[in-house]
Amino acid sequence: MLILVASVVAIAAIQERWRLGVNVTDSLPGQVFLIDAGRRDGPFVRGEVVAFRFDGSRWGYPADAVWAKRVAGLPGERVAVVGGVVFVAGARVAVLDPGVLARGGVKPLPAGAVPPGMLFVLGASADSFDSRYAEFGFLPEEDVLGVLRTLW
(Lines give C-alpha, C1' and ligand atoms only; values in the text may rest on other atoms or scores of the structure.)
Protein backbone atom coordinates (compact mmCIF):
# COMPACT_ATOMS: atom_id res chain seq x y z
CA MET A 1 0.00 0.00 0.00
CA LEU A 2 2.85 2.39 0.83
CA ILE A 3 4.34 1.81 -2.64
CA LEU A 4 0.99 2.64 -4.26
CA VAL A 5 0.65 5.88 -2.29
CA ALA A 6 4.26 6.85 -3.07
CA SER A 7 3.64 6.12 -6.78
CA VAL A 8 0.53 8.29 -6.86
CA VAL A 9 2.37 11.15 -5.13
CA ALA A 10 5.31 10.82 -7.57
CA ILE A 11 3.01 10.83 -10.61
CA ALA A 12 1.14 13.88 -9.29
CA ALA A 13 4.44 15.72 -8.75
CA ILE A 14 5.63 14.87 -12.28
CA GLN A 15 2.32 15.99 -13.80
CA GLU A 16 2.50 19.25 -11.84
CA ARG A 17 5.89 20.06 -13.38
CA TRP A 18 5.80 18.39 -16.82
CA ARG A 19 3.11 18.34 -19.51
CA LEU A 20 3.21 16.62 -22.87
CA GLY A 21 2.69 18.81 -25.94
CA VAL A 22 2.17 17.83 -29.59
CA ASN A 23 2.81 20.23 -32.46
CA VAL A 24 0.61 19.62 -35.51
CA THR A 25 1.90 22.56 -37.60
CA ASP A 26 5.24 23.56 -39.12
CA SER A 27 5.56 26.40 -36.61
CA LEU A 28 8.41 24.71 -34.71
CA PRO A 29 11.03 22.09 -35.42
CA GLY A 30 9.93 18.90 -33.71
CA GLN A 31 6.59 17.25 -33.14
CA VAL A 32 6.46 16.13 -29.49
CA PHE A 33 7.53 18.25 -26.51
CA LEU A 34 7.61 18.28 -22.75
CA ILE A 35 6.44 21.57 -21.27
CA ASP A 36 8.52 22.30 -18.17
CA ALA A 37 6.04 24.21 -15.98
CA GLY A 38 8.78 24.62 -13.38
CA ARG A 39 10.22 27.28 -15.69
CA ARG A 40 7.07 29.36 -16.11
CA ASP A 41 8.39 32.16 -13.91
CA GLY A 42 11.69 32.68 -15.74
CA PRO A 43 14.22 34.02 -15.93
CA PHE A 44 13.89 33.44 -19.67
CA VAL A 45 16.79 33.10 -22.07
CA ARG A 46 17.00 34.12 -25.72
CA GLY A 47 16.52 31.02 -27.88
CA GLU A 48 14.29 29.13 -25.45
CA VAL A 49 10.89 28.04 -26.72
CA VAL A 50 8.03 28.95 -24.39
CA ALA A 51 4.44 27.67 -24.28
CA PHE A 52 1.56 30.05 -23.55
CA ARG A 53 -2.13 30.63 -24.21
CA PHE A 54 -3.14 33.28 -26.73
CA ASP A 55 -6.61 34.13 -27.99
CA GLY A 56 -6.05 34.22 -31.75
CA SER A 57 -9.73 33.69 -32.60
CA ARG A 58 -9.90 37.06 -34.39
CA TRP A 59 -7.41 35.67 -36.93
CA GLY A 60 -8.93 32.20 -37.28
CA TYR A 61 -6.98 30.39 -34.54
CA PRO A 62 -8.65 28.47 -31.69
CA ALA A 63 -9.37 30.75 -28.71
CA ASP A 64 -7.96 28.33 -26.12
CA ALA A 65 -4.99 26.87 -28.01
CA VAL A 66 -1.54 26.55 -26.43
CA TRP A 67 1.02 28.37 -28.56
CA ALA A 68 4.79 27.92 -28.60
CA LYS A 69 7.34 30.48 -29.79
CA ARG A 70 11.07 31.10 -29.46
CA VAL A 71 12.21 33.95 -27.20
CA ALA A 72 13.98 36.44 -29.48
CA GLY A 73 13.92 39.57 -27.32
CA LEU A 74 14.17 40.25 -23.60
CA PRO A 75 12.97 43.18 -21.47
CA GLY A 76 14.85 46.38 -22.26
CA GLU A 77 16.05 45.29 -25.70
CA ARG A 78 15.15 47.54 -28.62
CA VAL A 79 12.94 46.20 -31.43
CA ALA A 80 12.77 47.91 -34.83
CA VAL A 81 11.40 47.10 -38.28
CA VAL A 82 13.41 48.60 -41.15
CA GLY A 83 12.37 47.87 -44.73
CA GLY A 84 10.42 44.79 -43.66
CA VAL A 85 13.35 43.38 -41.67
CA VAL A 86 12.94 42.91 -37.91
CA PHE A 87 15.86 43.73 -35.60
CA VAL A 88 16.16 43.03 -31.88
CA ALA A 89 19.09 44.60 -29.99
CA GLY A 90 20.62 45.45 -33.38
CA ALA A 91 20.56 41.86 -34.68
CA ARG A 92 18.43 40.78 -37.63
CA VAL A 93 15.96 38.19 -36.33
CA ALA A 94 13.16 37.93 -38.93
CA VAL A 95 11.39 39.50 -41.88
CA LEU A 96 7.75 40.52 -42.18
CA ASP A 97 5.55 38.17 -44.20
CA PRO A 98 3.21 39.85 -46.74
CA GLY A 99 0.69 37.03 -46.25
CA VAL A 100 0.46 37.73 -42.53
CA LEU A 101 0.21 41.48 -43.15
CA ALA A 102 -2.79 40.79 -45.43
CA ARG A 103 -4.75 39.17 -42.57
CA GLY A 104 -7.38 41.76 -41.74
CA GLY A 105 -5.44 44.81 -40.70
CA VAL A 106 -2.30 43.22 -39.24
CA LYS A 107 0.52 45.77 -38.92
CA PRO A 108 4.22 45.58 -38.00
CA LEU A 109 5.08 46.07 -34.33
CA PRO A 110 6.12 49.70 -33.76
CA ALA A 111 9.75 50.37 -32.82
CA GLY A 112 10.55 50.48 -29.12
CA ALA A 113 12.03 48.61 -26.19
CA VAL A 114 10.60 45.33 -24.93
CA PRO A 115 8.74 46.42 -21.77
CA PRO A 116 9.56 45.00 -18.32
CA GLY A 117 7.78 41.68 -17.75
CA MET A 118 7.34 41.06 -21.49
CA LEU A 119 9.05 38.94 -24.16
CA PHE A 120 9.45 39.31 -27.93
CA VAL A 121 8.70 35.86 -29.39
CA LEU A 122 9.00 34.39 -32.89
CA GLY A 123 7.74 31.23 -34.58
CA ALA A 124 10.09 29.09 -36.66
CA SER A 125 8.20 29.49 -39.95
CA ALA A 126 8.39 32.65 -42.07
CA ASP A 127 4.60 33.05 -41.99
CA SER A 128 4.27 32.69 -38.22
CA PHE A 129 1.90 35.09 -36.45
CA ASP A 130 4.09 36.38 -33.62
CA SER A 131 5.63 39.45 -31.97
CA ARG A 132 6.66 40.92 -35.34
CA TYR A 133 3.07 42.09 -35.62
CA ALA A 134 1.36 44.71 -33.43
CA GLU A 135 -1.82 42.63 -33.08
CA PHE A 136 0.19 39.82 -31.46
CA GLY A 137 2.58 42.13 -29.64
CA PHE A 138 4.83 41.31 -26.74
CA LEU A 139 4.14 38.21 -24.66
CA PRO A 140 3.54 38.89 -20.94
CA GLU A 141 5.93 36.69 -18.95
CA GLU A 142 3.02 35.87 -16.60
CA ASP A 143 1.25 34.12 -19.53
CA VAL A 144 4.08 31.62 -20.01
CA LEU A 145 3.00 28.07 -19.13
CA GLY A 146 6.54 26.70 -19.30
CA VAL A 147 9.64 26.13 -21.41
CA LEU A 148 9.55 23.42 -24.09
CA ARG A 149 11.95 20.50 -24.28
CA THR A 150 11.89 18.72 -27.65
CA LEU A 151 11.44 14.94 -27.46
CA TRP A 152 11.27 14.32 -31.23
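Residues considered: F52, F44. Of these, the only one that is assigned to a loop (DSSP other than H, G, I, E, B), surrounded by 18 or more Cβ atoms within 10 Å (Cβ to Cβ) and among the hydrophobic types (A, V, I, L, M, F, W, C) is F44. In region 111-127, what residues are in contact with a strand residue (DSSP E or B) (Cβ under 8 Å, 6 or more places away or on another chain), at pLDDT 95 or above and either in a loop (DSSP other than H, G, I, E, B) or surrounded by 13 or more Cβ atoms within 10 Å (Cβ to Cβ) (or both)? Within region 111-127, A111, A113, V114, G117, M118, L119, F120, V121, L122 meet the criteria. Taken residue by residue, region 56-71 has no member that is polar (S, T, N, Q), surrounded by fewer than 19 Cβ atoms within 10 Å (Cβ to Cβ) and assigned to a loop (DSSP other than H, G, I, E, B).
Considering only region 81-88, I want to know if a residue exists there that is buried (at least 20 other Cβ atoms within 10 Å of the Cβ), touching a residue at least 12 places away in the same chain (Cβ under 8 Å) and in a strand (DSSP E or B). Checked region 81-88: at least one residue is buried (at least 20 other Cβ atoms within 10 Å of the Cβ), touching a residue at least 12 places away in the same chain (Cβ under 8 Å) and in a strand (DSSP E or B). Note on region 138-152: among residues that are out of contact with any helix residue (DSSP H, G or I) (no Cβ under 7 Å at 6 or more places or on another chain) and not aliphatic (A, V, I, L, M), the one that is farthest from D55 (Cα to Cα) is W152.
A count restricted to region 89-105 and to residues that are in a strand (DSSP E or B) and surrounded by fewer than 17 Cβ atoms within 10 Å (Cβ to Cβ) stands at 3. The test for being of a type in the set (S, T, Y), surrounded by fewer than 19 Cβ atoms within 10 Å (Cβ to Cβ) and more than 22 Å from R19 (Cβ to Cβ) does not hold for S131. Before we move on, is D143 in contact with a Leu (Cβ under 8 Å, 6 or more places away or on another chain) and either surrounded by fewer than 20 Cβ atoms within 10 Å (Cβ to Cβ) or within 23 Å of D36 (Cα to Cα) (or both)? So D143 fails the test.
Taking region 128-152 as the search range and keeping residues that are charged (D, E, K, R) and in a loop (DSSP other than H, G, I, E, B), which one is farthest from A72 (Cα to Cα)? Restricting to residues being charged (D, E, K, R) and in a loop (DSSP other than H, G, I, E, B), the top hit is E135.
The values are calculated or read from the model by the stated rules, or taken from the named source; none is laboratory data. Values in this document were obtained by computation on a predicted structure and should not be read as measured data. Neighbour counts run over all protein chains shown; Cβ positions are idealised from the backbone, glycine included.
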